[in-house]
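These notes concern the structure reproduced below.
The values are calculated or read from the model by the stated rules, or taken from the named source; none is laboratory data. Keep in mind the model is a prediction, meaning the values are calculated, not measured. FYI the Cβ positions are ideal-geometry reconstructions off the backbone, even for glycines, and counts take in every protein chain you see.
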Amino acid sequence: MGAIFTSPGRTVIAGIVLLIIIVVVVGLATGQMTHLDMAWSTFAMRWLHVISGVLWIGLLWYLNFVQVPTMPTIQPVESRVAITKFIAPNVLFYFRYGALATVITGLLLAWMQGYIVQALTLQKGFIMIGVGMWMALIMAFNVWFIIWPNQQKILGLVEATAEQKAAAAKPALYASRFNTMFSIGMLYCMVAQQNMPI
Ligand code: HEM
């Protein structure tokens, strides 16, 4: 067990092995082995999409509910550097690539289901998922073009004067809070398409 749990990489591999065992055992028990057809590929894309979305939104909520509110209470002040120098850059790496993976898998999912245009143009029958997709696209834009460039200045990952650092704090915080606000309705729209009787 120690060999697995002391490495995040090996832990993920163990999770994938466990998933394969579940699929095979359930397949054998029900006599329904999964066929590698288009329906299965769409299902697998849905799974990848939800996993990427959990990575992204999980870190968004971590930043908003844990890291940002706790930061001012950390004493002595000098120890806050552990967050800004080591933890935050790592969080932002998974955060922004989680957002990118969610956008790619989400758009592929809509395309594989044959309604990407109808959803993005908010046509009848696809309004709810279309609204969710637009909300999530705006959120991803915020991540890559507002939060990340400003955080790079705040965390000292790019050259910035003291004034530029101070000016970066507000847009970074507000865009992150905006995304947290949007995440609630966005997730409702995501799960509504297949599961809400219309
Ligand atoms: C630009 C970004 C996104 C796009 C283009 C997108 C697109 C989609 C599409 C097309 C579906 C399938 C709807 C259906 O027919 O059932 C879906 C479902 C879903 N999405 Fe997204 N999505 C995005 C962001 C997110 C985010 C950030 C999350 C956060 C976790 C998320 C979570 C989900 C969930 C949970 C489902 C429902 C799966 C199910 O009901 O089986 N999506 N998304």
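Quick notes on this one:
- Residue that is β-branched (Val, Ile, Thr) and at pLDDT 95 or above, where the choices are Thr70, Thr30: Thr70
- Taking first residues from the stretch 179-191 that are more than 10 Å from Gly53 (Cβ to Cβ) and at pLDDT 95 or above and partners that are more than 10 Å from the ligand (Cβ to nearest atom) and hydrophobic (A, V, I, L, M, F, W, C), the Cβ contacts under 6 Å between residues at least 6 apart in sequence or on separate chains come to Cys189/Val131.
- From Lys165, Lys153, residue being surrounded by fewer than 17 Cβ atoms within 10 Å (Cβ to Cβ), assigned by TED's automatic domain parsing to the domain that holds Thr105 and modelled with pLDDT of 95 or more: Lys165
- Qualifying residue in the stretch 99-120 (condition: exposed (fewer than 14 other Cβ atoms within 10 Å of the Cβ) and hydroxyl-bearing (Ser, Thr, Tyr)): no
- Entirely in the stretch 1-117, the helices (runs of 4 or more DSSP H) that have 3 or more residues that are within 16 Å of the ligand (Cβ to nearest atom): 38-62, 88-112
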